[in-house]
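In what follows, a structure is listed as structure tokens, so that the remarks can point back to it.
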Amino acid sequence: MAVLAATALAISGPVVAQESGIAVGKKAPAVTVHDLDGKPVDLGAYIGKKPVLLEFWATWCERCEELLPRVRAAHADYGDRVEFFGVNVAVNQTPDRVKRWVEANKPPFKPLYDDEGTSTRAYEAPTTSFVVVIDRAGKVAYTGTGGTQDISGVLRTVVAQ
């Protein structure tokens, strides 16, 4: 029985990363989130113009740390064609702590601080290391969690559309 299940899985093709969170194909919510200085950032000003990557993260998130080199590589390849945002979920975080982490680690995204949980709720983020990729039409093209996501592969597909 286990052999049959494994064979069926192998034949069925790649597993879709969608496991929870906002549904792929849904129109991306245009919410406003604060930056690290408390100023509002309207994600709607970016959605629908070119692809957008949102990573829901925290300074204490080990899977986010594991994912960071993949996000860096994707930004090196697609940073001129994709907007990268890191949405700090603000759980056990302060803006000062996040600022220190950003200064020390220099992530390849514009850091946001979701102190009101606006984007976390809108995108139904189930955990940290949750990535949402929005295509240039403003639809959710990908969601996934964990430190081993193929961010470059996802962006290659979305940028080519």
Count the lysine pairs in the chain whose Cα atoms sit under 29 Å apart, keeping only pairs 8 or more residues apart in sequence or on different chains. 27
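Kindly point out which whole DSSP H helices in the chain project their C-alpha atoms 30 angstrom or further along the helix axis while averaging a Kyte-Doolittle hydropathy of 0.5 or above. Intermediate values should be presented prior to the final figure.
Details: long enough: none.
Taking the DSSP H segments of the chain (at least 30 Å long, mean hydropathy at least 0.5), we get none.
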With no solvent and one point on each alpha carbon, what is the Debye value of log10 I(q)/I(0) for the range 61-127 at q = 0.17, 0.24, 0.26 Å⁻¹? -0.67, -1.23, -1.32
Just the accessible area per residue of the chain, please: how many Å² with a 1.4 Å probe? 51 Å²
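If the chain between residue 77 and residue 30 were fully stretched, how many nm would it gain, using 0.36 nm times the residue separation less the Cα-Cα distance? All intermediate terms of the calculation are to be shown ahead of the outcome.
Details: separation 47, 0.36 × 47 = 16.92 nm, distance 2.56 nm.
Result: 14.4 nm gained on full extension.
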Looking at [x] 13.3; [y] 10.1; [z] 9.5, which value of mean projected area of the Cα convex hull in nm² comes from a calculation on the structure shown? [y]
Considering the options 142, 109, 20, tell which one lies farthest towards the positive end of the dipole of the chain, charges being +1 on Lys and Arg and -1 on Asp and Glu at the Cβ, about the Cα centre. 142
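For the range 105-147, build the convex hull from the C-alpha positions and give me its volume per residue in Å³. Don't skip to the answer; put the middle values down first.
Numbers: hull volume 4.5 nm³, N = 43.
Expressed per residue, the convex hull around the Cα atoms of the range 105-147 is 106 Å³.
Quick one: work out Rg over Rh on the C-alpha atoms of the range 80-161, Rh as Kirkwood radius. Mind dumping the intermediate values first?
Working: Rg = 13.5 Å, Rh = 13.9 Å.
Rg/Rh: 0.97.
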Ordered by packing density, taken as the mean number of other Cβ atoms within 10 Å over each peptide's residues, highest first, how do 122-131, 64-73 rank? 122-131, 64-73
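The values are calculated or read from the model by the stated rules, or taken from the named source; none is laboratory data. What you see is a predicted model, and the numbers here were worked out from it, not measured in a lab. When we count neighbours, we look across all protein chains shown, and the Cβ atoms used for this are built from the backbone with ideal geometry, even at glycine. Side chains included, ligands, DNA and RNA excluded: accessible areas come from the protein's heavy atoms. Shrake-Rupley method; radii C 1.70, N 1.55, O 1.52, S 1.80 Å.
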